[in-house]
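Data first, discussion second: the structure below is written as structure tokens.
The values are calculated or read from the model by the stated rules, or taken from the named source; none is laboratory data. On a predicted model such as this, the values are computed, not experimentally measured, just so you know. Backbone-built Cβ (ideal geometry, glycine too); neighbour counts: all protein chains shown.
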Amino acid sequence: MNKSYEVEYCNLELRFDRRHIQQLIRDLIQDGYSLYWSENEALFIISVRTGRKLTKLRFQRLARGYKLAGDYVIRDAKLAEWLEKLIGDLRGHAVVKRFKDRQILVENILFGEVIRSVEISGMEHRVIYQKSPLVDTVQMAEMFASRSAERQLEQLQQELDVELERLFEAMQHGDDKTKEACKERLRKLRLELLMLEW
């Protein structure tokens, strides 16, 4: 293996559910990596040992699932392959910088696809590949819908919590009218949540 091997992942964004993270842990262990993980209310962290270096993959907890985001420098070729496979499979976003023999190859990846590739040698920049147009209307709509749905889901969950609290208070005070109103509102919220999940 090339000792000077290095890949930098900038602005990385990948969406996971818990099942994907568990599968990733199993696959990395099967590939011979030594690792451990920890979890709190905000983060799920997988620490992967590569030689003498420890790479910490930080998964932020979202309303639904997890998001691997941030900047990572990987000096292990096999782990870099794993990360790139994940970017493709999960239709992730990243700016990938590959350092080799005094050259840098920069790839912009959007929805798991390379949209621009630039080679940098000293002061010279050479565009190797550029997809045109960079983002089409379908991808823009997809990006907007994913962010909009995430915000809407968080709002619905907050409304659900408030309504459950009102229902609990109404039950404690024997207020049947408020209790029925809360149940009806909870039914509507449940339907909205189901529609969002589709």
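Values computed for the structure shown
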read-out	value
Residue within the range 38-60 that is under 13 Å from the mean Cα position of the chain (by Cα), within 25 Å of residue 151 (Cα to Cα) and acidic (Asp, Glu) present	no
Selection from the range 37-54 of residues that are modelled with pLDDT under 90 and in contact with a helix residue (DSSP H, G or I) (Cβ under 9 Å, 6 or more places away or on another chain)	50
Condition met for residue 36 (in a strand (DSSP E or B), of a type outside the set (Gly, Ala, Ser) and surrounded by fewer than 13 Cβ atoms within 10 Å (Cβ to Cβ))	yes
Unique match (being farther than 18 Å from residue 65 by Cα and at pLDDT 90 or above) among 159, 180, 124	180
Index of the failed condition, residue 87 passing every other in (1) part of a helix (DSSP H, G or I); (2) modelled with pLDDT under 90; (3) of a type outside the set (S, T, N, Q)	(2)
Only one of 98, 49 that is among the charged types (D, E, K, R) and in contact with a Ser or Thr (Cβ under 6 Å, 6 or more places away or on another chain)	49
Restricting the range 5-27 to residues that are in contact with a Phe, Trp or Tyr (Cβ under 7 Å, 6 or more places away or on another chain) and of a type in the set (A, V, I, L, M), the residue that is surrounded by the fewest Cβ atoms within 10 Å (Cβ to Cβ)	25
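So that you can scan it fast, the table gives a plain yes or no per residue for (1) among the aliphatic types (A, V, I, L, M); (2) surrounded by 16 or more Cβ atoms within 10 Å (Cβ to Cβ):
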{"site": "64", "(1), (2)": "no, no"}
{"site": "69", "(1), (2)": "yes, yes"}
{"site": "72", "(1), (2)": "no, yes"}
{"site": "87", "(1), (2)": "yes, yes"}
{"site": "94", "(1), (2)": "yes, yes"}
{"site": "102", "(1), (2)": "no, no"}
{"site": "115", "(1), (2)": "yes, yes"}
{"site": "120", "(1), (2)": "yes, no"}
